[in-house]
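Notes follow the structure.
The values are calculated or read from the model by the stated rules, or taken from the named source; none is laboratory data. All of these numbers come straight from a predicted model, not from anything done at the bench. For neighbour counting, all protein chains shown are included, and Cβ atoms are generated from backbone atoms with ideal geometry for every residue, glycine included. Keep in mind that these areas ignore ligands, DNA and RNA; they rest on the heavy atoms of the full protein, side chains included. Shrake-Rupley method; radii C 1.70, N 1.55, O 1.52, S 1.80 Å.
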Amino acid sequence: MIAVRAPATSANLGSGFDVFGVALGRPADVVRVERAERTTIEVTGVGSQYIPEDPDRNTVGAVAEALSAPARIKIDKGVRPASGLGSSAASAAAAAVALNELYDRGLSRRDLVPIAGEGEAVVSGAAHVDNVAPALLGGFTIATDRGVTSIDASIPLVACLPEIAVSTRDARRVVPTEASLDDLVATVSRAATLTAGMCRNDPELVGRGMYDAVVTPARAELITGYNSVREAALDAGATGVTVSGAGPGIVAACDGRDRRAVAGAMVDAFVDAGVDARAYQTEIGRGARVL
Ligand code: HSE
């Protein structure tokens, strides 16, 4: 039996829609695999009642299929589904690493990125890899059509999760299909600033780069209380705040000293907006690891 822990992730970071992602120190999924004649899946943990155990409809089933690695698979969810924290990517990445070990396939973490990405496609309808790349490689990742670049950054973060669900499919439907040249220039400038901040472990620059005028405003409409939570986080010392992945989670960058205050302010602002929420005080962390 092989057990692998893979972390929650936050994709986009505002200016890097479908490109940027970071691994979070916590929460995480744990996937256990054993060889079997055919693939079966059992899911426990947070939100497990919403996750299909049919291998044809589960992200992990697609990974087992892609690796020709039938197994008895147990998924212990620590990352809530439909949260914007890369729930399906965490399971897909953990399963890819575990099955690669179990069947001695010899694939590298980078080789596993498109395979885990196929698992993502089962739930979101598109094989984008901005969540599975950091879940596998750790750190800050830049996913492009020419491969993935990863940077070992260290930035304190708060991931705040309201008790509302937004599916990735729905959140992709509201994304505008066109953008003005001004918005394009602004987004590139923010993305470049954020990348420089990651290279320098500078929360100020990372926060400044966590902004875009096209995708995030459209998605913020789906999240009750988004604007007041963002303002509250900034007032409490966050250097940048944006929608995490497809939402409804919200991610804030900050200096380590402000993290507790930022987390409290975000939860309070959600509660004032009539929505229960919890906040993870976390940081950019490692990728999947065999336990
Ligand atoms: N980049 C994706 C999106 C991540 O924002 O739709 C969600 O899986």
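Go through Ile41, Ala191, Val229 and say which Cα lies farthest out towards the positive end of the charge dipole of the chain; charges sit on Cβ, +1 for Lys and Arg, -1 for Asp and Glu.
Ile41
Would you mind checking the tilt of helix 259-272 against the longest principal axis of the Cα atoms of the chain, expressed as 0 to 90 degrees and rounded to 10?
Long axis of 259-272 versus the principal axis of the chain: about 80 degrees.
List, in order, the whole-Hz ³J(HN,Hα) value for each residue of region 153-168 obtained from phi through the Karplus relation with A = 6.51, B = -1.76, C = 1.60 and θ = phi - 60°; use x for Gly and Pro.
My calculation for region 153-168 gives 8, 9, 9, x, 9, 10, 10, 10, 10, x, 7, 9, 10, 10, 7, 4 Hz in order.
Sorted by accessible area with a 1.4 angstrom probe, largest first, how do Ile75, Ile151 fall?
Ile151, Ile75
Taking amide hydrogens as modeled 1.01 Å from N in the peptide plane, which residues meet the under 5 Å criterion relative to Ile2, leaving out close sequence neighbours?
Val33
Would region 152-280 count as rounded, prolate or oblate if I go by the C-alpha gyration tensor, calling it rounded below 1.5 in a/c and otherwise prolate when a/b exceeds b/c, oblate otherwise?
Taking the square roots of the gyration eigenvalues as a ≥ b ≥ c, region 152-280 is oblate.
Calculate what fraction, in whole %, of the accessible area of the chain sits on carbon and sulfur atoms when a 1.4 Å probe is rolled over the protein chains.
Of the solvent-accessible surface of the chain, carbon and sulfur hold 46 percent.
Taking the Cα centroid of region 103-156 and of region 202-257, what is the distance between the two, rounded to the nearest whole Å?
Comparing the Cα centres of region 103-156 and region 202-257, I get a distance of 23 Å.
Which ³J(HN,Hα) values in Hz, rounded to whole numbers, follow from the phi angles of region 79-92 under the Karplus curve 6.51 cos²θ - 1.76 cosθ + 1.60, where θ = phi - 60° and Gly and Pro get x?
Computed from phi, the couplings for region 79-92 are 9, 5, x, 6, 10, x, 10, x, 4, 5, 5, 4, 5, 5 Hz.
Taking the highest mean first, how do the peptides 215-221, 85-91, 176-182 order by number of other beta carbon atoms within 10 angstrom per residue? Kindly include the intermediate steps, with their values, before the conclusion.
On the way: 215-221: 18.3, 85-91: 30.7, 176-182: 8.9.
Answer by packing, highest mean first, reads 85-91, 215-221, 176-182.
Could you do me a favour and compute the accessible area per residue for region 156-283, 1.4 Å probe, result in Å²?
Roughly 47 Å² per residue, with all protein chains present.
Got a sec? Charge dipole of the chain, +1 on Cβ for Lys and Arg, -1 for Asp and Glu; which of Ala159, Val30, Ile115 is way out at the positive end?
About the Cα centre, the residue reaching furthest to the positive side is Val30.
Quick one: angle between helix 109-124 and the longest Cα principal axis of the chain, in degrees between 0 and 90, rounded to 10, please.
The two axes meet at around 80 degrees.
How far apart, in nm, are two points set 7 Å out from the Cα along the Cα-to-Cβ line at Val290 and at Arg57?
About 3.4 nm, to one decimal.
Under unit Cβ charges (Lys, Arg +1; Asp, Glu -1), what dipole magnitude, rounded to 20 debye, does the chain have relative to its Cα centre?
Values: 28 positive and 35 negative charges, 135 e Å.
Computed about the Cα centre, the dipole is about 640 debye.
If you plug each phi of region 237-253 into the Karplus form 6.51 cos²θ - 1.76 cosθ + 1.60 with θ = phi - 60°, what whole-Hz ³J(HN,Hα) values come out, in order, with x for Gly and Pro?
x, 4, 8, x, 9, 7, 5, 8, x, 8, x, x, x, 10, 10, 10, 9
Would you calculate a helix-derived [θ] at 222 nm for the chain, using -39,500 (n - 2.57) for each DSSP H run of n ≥ 4 and dividing by the full residue count, to the nearest 500?
That comes out to -11500 deg cm²/dmol.
Once both axes come from the Cα atoms, what is the angle between helix 181-200 and the longest principal axis of the chain, in degrees from 0 to 90, rounded to 10?
Once rounded, the angle reads 70 degrees.
Express the accessible area of region 2-151 per residue in Å², computed with a 1.4 Å probe while the remaining protein chains stay in the model.
Numbers: 5470 Å² over 150 residues.
Here the per-residue accessible area is 36 Å².
Can you tell me which of Ser68, Ser167, Ser154 moves the most in a GNM of the chain? Springs connect C-alpha atoms under 10 Å apart.
The residue that fluctuates most here is Ser68.
Given a cut-off of under 8 Å on Cα pairs at least six residues apart, what relative contact order in percent is computed for the chain?
Value for the chain: 25 percent.
Just want the answer: with Cβ charges of +1 for Lys and Arg and -1 for Asp and Glu, which residue in Gly247, Leu291, Ala277 is farthest toward the dipole's positive end in region 208-291?
Selected residue: Leu291.
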